[in-house]
Structures are given as structure tokens and as C-alpha cells.
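Undergrad: Can you keep this structure in mind? I'll have questions shortly.
The values are calculated or read from the model by the stated rules, or taken from the named source; none is laboratory data. Keep in mind that this is a model prediction, so the values were computed, not measured. Cβ: placed from backbone, ideal geometry, glycine included. Neighbour counts: every protein chain shown. Note: accessible area is taken over every heavy atom of the protein model, side chains too, but ligands, DNA and RNA are not part of it. Shrake-Rupley method; radii C 1.70, N 1.55, O 1.52, S 1.80 Å.
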Amino acid sequence: MLQLDGLDQSGHFCRMDFELTNYMENALHTAELAARRGEVPVGAVIVDSKTGRIVATTGNQMVGRHDPTAHAEMLAIRAAGNMVGSQRLTDCDLYVTLEPCPMCAAAISHARIRRLYFGAFDPKGGGVEHGPRIYDHPTCHHKPEVYGGIGEKRSAALLKEFFANRR
């Protein structure tokens with residue numbers, strides 16, 4: 001059991017007990033599959049927080065789709081919206097192997113995702129803890145509870161190995 005520090009939806013500091021569940025394991029596996037396809041290894045899983053049911057699982061598909069917006073988070077949000085029949089995912093949690101970029105962070109806000117769990121931090125391209133910090137802006141529509149560093153070592157190792165093999 002891990003204890004994580006984070007901010008709740010009101011921006012208040014909170015401590016949360018967290019077990020590395022099969023949700024992040026699933027996201028990591030999906031990231032590995034993305035790497036095998038030549039995609040940057042990022043995987044995302046969206047879970048219905050009331051039932052624990054996975055409603056979407058996907059990895060990056062930018063290369064395969066020739067689409068710069070085909071990030072794992074974007075594809076998972078689209079699939080989950082179709083699965084639950086709404087553009088609002090208020091009862092859903094997102095597990096993703098890398099800190100979301102600004103585009104994905106904004107989409108997470110618009111979807112009203114309840115909690116965001118991510119693996120590796122992204123000092124260069126992140127939009128949550130780094131870069132523009134989308135959820136800190138007063139114009140942000142919704143701020144999910146955010147917990148970073150879940151499965152961080154494995155997530156970071158996947159990315160480092162992928163980019164080392166590309167050089």
C-alpha cells in the first residue's frame with residue numbers, strides 16, 4: 001500500500017492510500033503494445049469508479065492513424081464517452097503512464113474526469129505538474145484529483161528504452 005499526497009477537487013491537500021491495481025498494470029501493458037507498433041509507449045485506462053469496470057483501454061496511435069491528436073488519453077476519453085453514452089465522465093478515473101500534455105489535460109477537464117492517476121512525470125511536455133499546469137488556471141472548467149508517480153519507474157523505463165532504441 002502506498003500513501004500518496006495530492007490535491008482534491010477543491011484544491012485542498014489530501015493524503016490517499018493507494019494500491020497499485022490492475023488498472024495501472026493494464027495501462028503499462030497497453031503502453032508496451034504501443035511501443036511494439038512503433039508508437040511512443042503511453043497507455044491509458046478509464047475506469048467507472050462506481051463499479052470498477054474498465055470502460056476504455058488504449059495506447060498512443062499517432063503514427064498509425066497519422067493523427068497528432070491520437071494520444072492514448074484522447075482516444076480513451078472518446079471511447080469511454082461512447083461506452084457510457086455521455087461526453088461527461090464524472091464517475092470515471094483515468095490511469096495513464098505519462099503525465100498528460102496540455103491538450104490531454106484540457107480534454108480531461110472538459111470530460112469532467114473525477115481522478116487522474118499518472119506514472120512518469122514529463123518535465124518537457126507535461127501539462128499538469130509541469131509546463132502550463134492546466135488545472136491551476138482560473139479558467140479551467142474542472143480540476144480532477146491528481147496523483148502522479150503511480151508506476152513511475154516502469155513507465156519511465158519504457159519511455160527511456162523506446163527513445164534509446166530510436167537513436
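Undergrad: What order do Ile113, Ile54 take when sorted by accessible area (1.4 Å probe), most exposed first?
TA: Ile54, Ile113
Undergrad: Then there is this: Please compute the per residue accessible area over the chain with all protein chains in place, 1.4 Å probe, rounded to a whole number of Å². Spell out each step's value before the answer.
TA: Working: 8440 Å² over 167 residues.
With all protein chains present, the chain gives 51 Å² per residue.
Undergrad: Normalising by the residue count of the chain, find the relative contact order in percent from Cα pairs under 8 Å and 6+ residues apart.
TA: Values: 371 pairs, mean separation 32.7, N = 167.
Reported relative contact order: 20 percent.
Undergrad: Among (i) 12.0; (ii) 10.2; (iii) 9.3, which one is mean projected area of the Cα convex hull in nm² computed from these coordinates?
TA: Entry (iii).
Undergrad: Heads up, I need the accessible area for His110: 1.4 angstrom probe, whole protein in place, Å², nearest 10.
TA: That residue has around 90 Å² of solvent-accessible surface.
Undergrad: Which order, highest average first, do 143-152, 68-77 follow once you tally other Cβ atoms within 10 Å for each residue and take the mean per peptide?
TA: Values: 143-152: 20.0, 68-77: 22.5.
Descending packing order for the listed peptides: 68-77, 143-152.
Undergrad: What's the ranking of 87-95, 156-164 by average number of surrounding C-beta atoms within 10 Å, highest first? Provide the component values of the computation, followed by the final result.
TA: Details: 87-95: 20.6, 156-164: 14.9.
Most protected by this proxy first, the peptides run 87-95, 156-164.
Undergrad: Now a separate question. For the chain, please report how many Lys pairs fall under 25 Å Cα to Cα, leaving out neighbours fewer than 8 apart on the same chain.
TA: Close lysine pairs under the 25 Å cut-off: 4.
Undergrad: Classify the stretch 41-128 as rounded, prolate or oblate from the Cα gyration tensor: take a ≥ b ≥ c as the square roots of its eigenvalues, call it rounded if a/c is under 1.5, otherwise prolate when a/b beats b/c and oblate if not. Walk me through the numbers on the way to the answer.
TA: Values: a/c = 1.69, a/b = 1.34, b/c = 1.26.
Cα axes put the stretch 41-128 in the prolate bin.
Undergrad: Relative contact order of the stretch 21-62: what whole-number percent is it, with Cα pairs under 8 angstrom and at least 6 residues apart?
TA: On the way: 74 pairs, mean separation 16.0, N = 42.
Taking the mean separation of contacting Cα pairs over the length of the stretch 21-62, I get 38 percent.
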